[in-house]
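The block underneath contains the structure these notes are about, expressed in structure tokens.
The values are calculated or read from the model by the stated rules, or taken from the named source; none is laboratory data. Predicted model only: the values in this text are computed from it and were never measured. With ideal geometry, Cβ positions are generated from the backbone for all residues, glycine too; neighbour counts draw on all protein chains shown. The protein model used for the area step is the full one, side chains on, heavy atoms only, and it has no ligands, DNA or RNA in it. Shrake-Rupley method; radii C 1.70, N 1.55, O 1.52, S 1.80 Å.
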Amino acid sequence: MSTQVTGTLDAHGAAGRPRDHDHKPRGLARWLFSTNHKDIGTLYLLFSLAMLFTGGSLAMVIRAELFQPGLQFVDPHFFNQMTTVHGLVMVFGAVMPAFVGLANWMIPLMIGAPDMALPRINNWSFWILPCAFAILLSTLFMEGGAPAAGWTFYAPLSTKYSGDSTAFFVLAVHLMGVSSIMGAINVIVTIWNMRAPGMGWMKLPLFVWTWLITAFLLIAVMPVLAGVVTMVLTDKYFGTSFFDAAGGGDPVMFQHIFWFFGHPEVYIMILPAFGIVSTIIPTFARKPLFGYESMVIATASIAFLSFIVWGHHMFTTGMPVVAELFFMYATMLIAVPTGVKVFNWVATMWRGSMTFEVPMMFSLAFIVLFTIGGFSGLMLAIIPADFQYQDTYFVVAHFHYVLVTGAVFGIIAAVYYWIPKWTGVMYDERLAQVHFWCSLVSVNMLFFPMHFVGLAGMPRRIPDYALQFADLNAFMSIGGFLFGLSQLLFLWGVVRCMRGIGDKATDRVWEGAQGLEWEVPSPAPYHTFDTPPVVK
Amino acid sequence: MSAHRSLINKLLLACAAMFAFGFALVPLYDVFCDITGINGKTDKVAAAAPDRVDRGREVSVEFLATHDPAVAVDFAPETARLRLNPGELQLVSFVVENRSDQPIVTTAVPSVSPGEAARHFMKIECFCFQEQPLAPGERKLMPVQFYVDPELPERFKNLTLSYRLYRSVGQRASR
């Protein structure tokens, strides 16, 4: 059980090095050449924050255009670029790097390792990312503009009808893939080989478990993504016909290969958030996590099922009924392990001695709102219903509930939870509570009405809409702007902590906190666990 | 470090295998569609002649012709619809006319709907088996000789044979 790990360190392993040994290189070189897991974790998290605001700005353009019916600010082609780049930036630039950043910071601390297993690879895998996004975002300023085929870049939109930004896009995706794979290998090797003595598999903190499984998903599907973008590239520029019917190919095959990557990808973006919530809820409920083993099994089951459900993205492509039924039932099966998780979180809180600091608030919001996203996912899994929902705002509502109020809320909860350990100061609780409530209200103003306009038939990825959707769209846009502005409060809170403004944090930070990361001083020294702690 | 090394090698091997698997999905997809017959694709080679005719029922077959808008041709079936007995040999023609002043080499991609019936749609001769060159302004009749397999399950009463005409990949590459 993960909860028995705590407080059972032997004496000399506890605190890492004394603080006067805490040197680090100064200036830019420290960040460029760093092989320190904490520095690289910080870089990942800051990069992800920058991408959150970049992708968010693109979303603001979308919401501004949709504020009123008719074409206001942008032409449809530019609108398509906005939806496409928003999706790519948020998926590959904001959510995934944030989780890798958290993994870098927390996994060595949680398993009692001195650093990640492959520190130089770690440096590389981070520094590839800014290059990849510089390439991707530079296409916005080129003639012909950025990719506009949607983040899913379906052929033939991305092959026949795309501009020359496709080549930049493919290169950028390759780089992101290489970065993710290197990160995943690093995580697996670290967890496999560098656990502190006595930390058996069933003593691993759940964040570590969920990341281990996520890393295996990354290894399994990022190469498939690399393959499919390569096929797009050669179809467009080198005369192959993977997706071109004229040459014997099949555009529907694109969707099969893409979603074979794409569905595990969405679990890559949520499993670490499950781990975060499973860490935070016990802390503030002051009870051990209910059903640790079942959490591990549920995570592994979800990961397995993610490989056999890709067809539910393609119900309207003219699939045979037998295949549709298979994908429908397999998809609905995922609700079982996910339900186990939600049950366990609620059972952990049952009769707990709860307090409601901001990491807990975001985790509670996560449970409720992610479950709403899960339920709309179940609705989408029902074949005949999906024929109606396909390509409407209902789908947009669904995946923003699981990705924004799921993944992003999980990340924000994690930042508030661990930032006292990273910076040594407590964040401003009142500012954070304001950030939470503003985010909670505005995110629901933004995404909840999307269910209704979607059911009423408003298509996604279109810059204009029928007049009857005008009121709700204006309302959603206001929600969107408020949600965007609310994140400036988050930025402010994070910057305050980074500048050391705030109350000094204790080593344990939270009364109910459990785990090795709380055994080291706050802020965590540059080098920790040079001598491995012994976990009994 | 050697513990790291061997694990890294295994993981890299897994990555390489998954990259190869992505490409292996391309032939696997065709094989899978071929075995299950779910993609509406008909055989690319001539079928054997029918061995019997099922006079007990009729099936209706519709013909559709579309073309890539980038290719300047007119393309249409001579017959829009036909009723026939399974096993009965039929000959229909499609008319194509080159509307440009350039020679065009076309390739036609057939598809049968409903997809599950495609394996029972037997073509003895088809213009889609080869690329078809068209001189500038040339008008050409392109025949298909086919029958519907008497083994066709009873639930299929209406079939559609459609062709989409493209410029051949070879000609596109040379332009």
(message) Out of everything in the stretch B:109-128 that is assigned to a strand (DSSP E or B) and over 17 Å from B:Leu82 (Cβ atoms), what residue ends up being farthest from the other protein chains (Cβ to nearest Cβ)?
(response) B:Ser111
(request) Select from the stretch A:231-247 the residues that are surrounded by fewer than 19 Cβ atoms within 10 Å (Cβ to Cβ) and facing chain B (nearest Cβ under 8 Å) and list them in ascending order. (result) A:Gly239, A:Ser241, A:Ala245
(request) Please find, among A:Val346, A:Val336, the residue that is within 27 Å of A:Glu511 (Cα to Cα) and not in a loop (DSSP other than H, G, I, E, B). (result) A:Val346
(message) Going residue by residue through the stretch A:262-280, is there one that turns out to be without any contact (Cβ under 8 Å) to a residue 12 or more places away in the chain, closer than 28 Å to A:Phe153 by Cβ and open to solvent by 10 Å² or more (accessible area, probe 1.4 Å)?
(response) no
(request) Considering only residues that are under 18 Å from A:Asn444 (Cβ atoms) and open to solvent by 20 Å² or more (accessible area, probe 1.4 Å), look in the stretch A:463-473 and name the one that is farthest from the chain's Cα centre (by Cα). (result) A:Asp471
(request) Among the residues of the stretch B:129-175, count how many are in a loop (DSSP other than H, G, I, E, B), open to solvent by less than 50 Å² (accessible area, probe 1.4 Å) and closer than 22 Å to B:Ser60 by Cβ. (result) 5
(message) Suppose we filter B:Arg52, B:Arg81 for residues that are under 23 Å from B:Phe156 (Cα atoms), at pLDDT 90 or above and either surrounded by fewer than 13 Cβ atoms within 10 Å (Cβ to Cβ) or within 12 Å of chain A (Cβ to nearest Cβ) (or both); which single one remains?
(response) B:Arg81
(message) Six or more apart or on different chains, Cβ atoms under 7 Å: show the pairs whose first residue is in the stretch A:481-509 and loosely packed, with under 15 Cβ neighbours inside 10 Å and whose second is of a type in the set (Val, Ile, Thr).
(response) A:Met498/A:Thr423; A:Gly500/A:Thr423; A:Gly500/A:Val425; A:Ile501/A:Val425; A:Asp503/A:Val425; A:Lys504/A:Val425
(message) Checking the conditions here, which among A:Ile382, A:Ile419 is aliphatic (A, V, I, L, M), touching a helix residue (DSSP H, G or I) at 6+ places or on another chain (Cβ under 9 Å) and open to solvent by less than 30 Å² (accessible area, probe 1.4 Å)?
(response) A:Ile419
(message) For the stretch A:281-295, which positions are more than 19 Å from A:Ser353 (Cα to Cα) and open to solvent by 10 Å² or more (accessible area, probe 1.4 Å)?
(response) A:Glu293, A:Ser294
(request) Restricting attention to the stretch A:71-86, report how many residues are open to solvent by less than 20 Å² (accessible area, probe 1.4 Å) and out of contact with any Gly (no Cβ under 7 Å at 6 or more places or on another chain). (result) 3
(message) Looking for something open to solvent by 50 Å² or more (accessible area, probe 1.4 Å) and within 14 Å of chain B (Cβ to nearest Cβ) - is there at least one such residue anywhere in the stretch A:325-344?
(response) yes
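Tell me whether the stretch A:137-148 contains one or more residues that are within 29 Å of A:Gly410 (Cα to Cα) and open to solvent by 20 Å² or more (accessible area, probe 1.4 Å).
Yes: one or more hits.
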(message) Tally up the residues in the stretch A:400-413 that are over 12 Å from the mean Cα position of the chain (by Cα) and not hydroxyl-bearing (Ser, Thr, Tyr), please.
(response) 1
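Taking the conditions exactly as written (closer than 18 Å to A:Phe67 by Cβ and open to solvent by 20 Å² or more (accessible area, probe 1.4 Å)), does A:Met476 satisfy them or not?
Criteria not met by A:Met476.
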(message) Just to verify a result, which residue in the stretch B:144-175, among those that are within 14 Å of chain A (Cβ to nearest Cβ) and over 21 Å from A:Asp244 (Cβ atoms), is modelled with the highest pLDDT?
(response) B:Thr160
(message) Let me confirm something: among A:Gln68, A:Gln81, which residue is more than 20 Å from the chain's Cα centre (by Cα) and outside any loop (DSSP other than H, G, I, E, B)?
(response) A:Gln81
(request) Out of A:Phe274, A:Phe216, report the one residue that is within 14 Å of chain B (Cβ to nearest Cβ), in a helix (DSSP H, G or I), modelled with pLDDT of 95 or more and out of contact with any Asp or Glu (no Cβ under 8 Å at 6 or more places or on another chain). (result) A:Phe216
(request) List the number of the failed condition for A:Leu175; all other conditions in (1) in contact with a Cys (Cβ under 9 Å, 6 or more places away or on another chain); (2) over 20 Å from A:Met106 (Cβ atoms); (3) within 14 Å of chain B (Cβ to nearest Cβ) hold. (result) (3)
(request) Of the numbered conditions (1) within 25 Å of the chain's Cα centre (by Cα); (2) within 20 Å of A:Gly454 (Cβ to Cβ); (3) not polar (S, T, N, Q), A:Val342 fails exactly one; give the number of that condition. (result) (2)
(message) If I filter the stretch A:291-332 down to residues being assigned to a loop (DSSP other than H, G, I, E, B) and among the aliphatic types (A, V, I, L, M), which single residue comes out as farthest from A:Val395 (Cα to Cα)?
(response) A:Met319
(request) Looking only at the stretch B:57-65, decide whether some residue is in the same structural domain as B:Ala118 (by TED's automatic domain parsing), open to solvent by 30 Å² or more (accessible area, probe 1.4 Å), over 15 Å from the mean Cα position of the chain (by Cα) and among the hydrophobic types (A, V, I, L, M, F, W, C). (result) no
(request) Quick one: count up the residues across the stretch A:308-324 that are more than 13 Å from chain B (Cβ to nearest Cβ) and among the polar types (S, T, N, Q). (result) 1
